[in-house]
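Derivation of every value follows stated rules applied to the coordinates shown; laboratory data play no part. Computed from a prediction, not measured in an experiment: that's the story for all the values here. Here the Cβ positions follow ideal geometry from the backbone for every residue, glycine too, while neighbour counts run over all protein chains shown.
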Amino acid sequence: MEKFQTLISTAVPLPIEDVDTDQIIPARFLKATTREGFGENLFRDWRFGPDGAPRAEFVLNNPLYSGSILVAGRNFGCGSSREHAAWSITDYGFRVVVSSFFADIFRGNALNNGLLPVQVSDVFLHAIFSEIETNPRASFKADLEAQSFTIVSTGQAEHFDIDPYKRMCLLNGYDDIDFLLSMKDEIAAFEAERSRKAGFVHTL
Amino acid sequence: MSKTLFDKIWDAHVVSQAEGGIDVLYIDRHFIHEVTSPQAFDGLRQRSIPVFRPGQTVATADHNVPTRNQHLPISEALSRFQVQKLSENCAEFGLELYGLGHPYQGIVHVIGPELGITRPGMTIVCGDSHTSTHGAFGCIAFGIGTSQVEQVLATQCLLQKKPKRMRITVDGELQPGVLSKDIILYIISKLTASGGTGHFVEYAGSAIRALSMEARMTICNMSIEMGARGGLIAPDETAFAYIRGREFAPQGEAFDKAVEYWRSLYSDEGALFDTEYHFRAEDIEPMVTYGTNPGMGIGISQAIPLAPESGSAQTFEKSLAYMGLRPGEHLAGKTVNYVFIGSCTNSRIEDLRIVAGYVRGRKKADNVHAMIVPGSRQVAAQAKAEGLDAIFREAGFDFREPGCSACLGMNEDKIPQGEYCVSTSNRNFEGRQGPGARTILASPLMAAATAIAGRIVDVRESLNGPINN
């Protein structure tokens, strides 16, 4: 996994609530068997019309906005567990998603792919949207070490929470699987002990 | 100390605790399907590691399979390749596969319970958010991403932070014509699409106790639609009777011994929940959704709210514009040309019996295309043995072969742009059933009644007997 430490970037605003993973990447694009290339279909049906022509009104098609930070309304990433949602966001080029609330599975998938979910208060989210509206080239700083998100022009900042373990993984680029693989002896011992106590739970 | 059902099962599966209060959680059962597993197998190959416990993973093909002519090669190239890839991966890593044509093939959340693979007290995961379905048996079951599928294949464990506990109690008796689907749509409409986030939900109360296993699965299935990681119900005689005699269930003495343990799986008196809700079954009427998330639901006698009860006006307006509906409008009377009965929410044999009971001797309206997609080959076989397929055909319904089908439109089963579909599935997201499709979630009875009338109706006005589940 790619490390994440600090990022300063402009941001793309998507002030819509309850953005579900079917919008992030529609099911018909889940037929690939690799992790690459999902970015071109990120927000496919909001971004392109049925004829494949870009919808000018959608923010990703507006040349005013760019950057590695996506800022979205509350309950971002609800619905399907598809990790393809996180893959499509990172493949497109985002490294940070800011919202005032994240769905659980999406948050986990993001963290497993080096994509930082920054959960801020509703008030601060509103301030971020206002800043981008005033100046689409406004910069923001996501600092994982300090667990802070800053509106650079005003210096206004907010602390964000993240599991200490996931923070350590992201800062160093560690995957969960490396940790779990190092635990195999303990896992086998757990199985042996449990099967001695209640074998029926195990058997298929 | 008093413990919740959830804590009893979770604590029994903690191998150890990692830094920052994250648990190494042991997973008893892992289901995989063609869409969310290929990249996980690639990960194993890159690391040159085997599947740690191949006997604890079961695979099936369900998400993108056609629902007609399953004996023929899949015509759509990408779907065919993905299903083929699953077969190759299962062969290479030594996993059991109930692929197309296998008598056990079906929607992953339908086949686990019907084969007796899903049992009380287990931890169960799958790369699919509706894994919560299995919680109906008193298990901790939840959806995971593909990186986690790889972790479970490699180590049979996941790193998980323990969620909070919520209890939702529904007491009382349901009105005739109100099904478990209405209970869960009602609950989600009260809690919103994010009201359960961070929690694992236990459903309790006399109205839940009275439900069949199929009906309980419908409720647990949609836990994710209010953001919860999963939902579960304490196992009881109804659950034990359902499991007894199934293909992979313990048999004879082993079954009795298992039941003895399963009887210990309930929330102790005085066990503490982080959040509690209480609802009355009598307050629930047949439900329909009007918006683009499952929290946007109303009783059939009610009008679409004039303003959002939670959330922003902008999102509410965008949602109604997509649906072609207006604030204050009633859904009853609305012409609907598509009806879909199926999905991991409502495609089990009991759902099909309920639909057959309603449509027997009736004919679908001319304007409607009504599709019924059974949850598994076993469900399809049972329906045929009971003559339900003949009832569906006579009523003009299109009875298909098993798969996820028009719930998410990964195969050919899509609802056309701009059309309304009354659907027994679980998500009314924009484009979920096909680009531009407008989904109205409802119970199998409401879907059947819509198909017969050609418009949305209150099924309670045309019941031919007291139907409940």
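Here, P(r) means the percent of Cα pairs in each 20 Å bin from 0 to the largest distance; for chain B it is 26, 59, 15, 0.
Per residue of A:107-114, other chain Cβ atoms within 10 Å of the residue Cβ number 4 on average.
With springs connecting C-alpha atoms under 10 Å apart, model chain A as a Gaussian network and identify which of A:63, A:136, A:26 has the largest mean-square fluctuation. Judging by the Gaussian network model, the answer is A:63. The string of couplings for segment B:223-230 from the Karplus curve (6.51, -1.76, 1.60, θ = phi - 60°) is 4, 5, 6, 10, x, 5, 5, x Hz, one whole number per residue in order, with x for Gly and Pro.
Nearest 0.05, what FRET efficiency do residue B:164 and residue B:16 give at R0 = 25 Å with Cβ-Cβ as r? Working from the Cβ atoms, E equals 0.70. Projecting the Cα atoms of A:114, A:33, A:146 onto the charge dipole of chain A, computed from C-beta unit charges around the Cα centre, puts A:33 farthest toward the positive end.
Counting only other chain Cβ atoms within 10 Å of each residue's Cβ, the peptide B:153-162 averages 5.
For chain A, the normalised intensity computed at q = 0.12, 0.13, 0.16, 0.18 Å⁻¹ comes to -0.65, -0.74, -1.03, -1.25 (log10 of I(q)/I(0), Debye sum over alpha carbons, equal scatterers, no solvent).
Which of the GluC sites (Glu not before Pro) found in segment A:31-60 are in a DSSP loop and have at most 10 neighbouring Cβ atoms, other than their own, within 10 Å? Please list the in-between numbers first.
On the way: sites: A:36, A:40, A:57; in loops: A:36, A:57.
Here the sparse-neighbourhood loop sites are A:36, A:57.
Here the residues A:100, B:48, A:139, ranked from fewest to most Cβ neighbours within 10 Å of their Cβ, fall in the order B:48, A:139, A:100. In this structure, the pairs whose alpha-carbon distance is over 30 Å, taken from B:363/B:414; A:141/B:161; A:184/B:164; B:162/B:318; B:85/B:257; A:184/B:181, are B:162/B:318; B:85/B:257; A:184/B:181. Based on Cα contacts under 8 Å between residues 6+ apart, chain B shows a relative contact order of 18 percent.
Candidates B:17, B:439, B:111 compared by Cα position along the dipole of chain B: farthest toward the positive end lies B:439, with charges placed on Cβ. When each of the peptides B:38-44, B:59-65 is scored by the mean number of other C-beta atoms lying within 10 Å of its residues, the order from highest to lowest reads B:59-65, B:38-44. Between residue A:121 and residue A:143, the distance separating the two model label sites (each 7 Å from Cα on the Cα→Cβ line) works out to 1.9 nm. In a GNM of chain A with a 10 Å cut-off on Cα contacts, which of A:33, A:150, A:21 has the highest mean-square fluctuation? In the Gaussian network model the winner is A:33. Between residue B:47 and residue B:78, the distance separating the two model label sites (each 7 Å from Cα on the Cα→Cβ line) works out to 2.8 nm.
Kindly state, to the nearest 0.05, the FRET efficiency for residue A:55 paired with residue B:386, given R0 = 51 Å and r defined as their beta-carbon distance.
Computed FRET efficiency for residue A:55 and residue B:386: 0.55.
Going by how many other beta carbons lie within 10 Å of each one, how would you line up B:133, B:424, fewest first?
On the way: B:133 34, B:424 28.
Least to most surrounded, the residues fall as B:424, B:133.
If a/c stays under 1.5 just call it rounded; otherwise compare a/b with b/c (prolate if a/b is bigger, oblate if not). Do that for the protein assembly as shown, with a ≥ b ≥ c from the square roots of the Cα gyration tensor eigenvalues. It comes out rounded by the Cα gyration axes.
Summarising the amide proton neighbourhood of residue B:23: residues at separation of 5 or more, or on other chains, whose placed amide H is nearer than 5 Å comprise B:18, B:160, B:161, B:162. Dipole magnitude for segment B:281-342: computed about the Cα centre from +1 point charges on Lys and Arg Cβ and -1 point charges on Asp and Glu Cβ, it is near 320 debye. Using the Cβ-Cβ distance between residue B:363 and residue B:69 with R0 set to 25 Å, the FRET efficiency works out to roughly 0.45.
Remark: spin-label model distance residue A:40-residue A:171 equals 3.9 nm, labels positioned 7 Å along the Cα→Cβ axis.
Across peptide A:182-195, the mean count of Cβ atoms from other chains lying within 10 Å of each residue's own Cβ comes to 4.
Can you put A:87, A:46, B:262 in order, fewest other beta carbons within 10 Å first?
Numbers: A:87 27, A:46 20, B:262 23.
The most exposed by this proxy come first: A:46, B:262, A:87.
Summed over qualifying helices (DSSP H, 4 residues or more, each -39500 (n - 2.57)) and divided by its residue number, the protein assembly as shown shows a 222 nm mean residue ellipticity of -9000 deg cm²/dmol.
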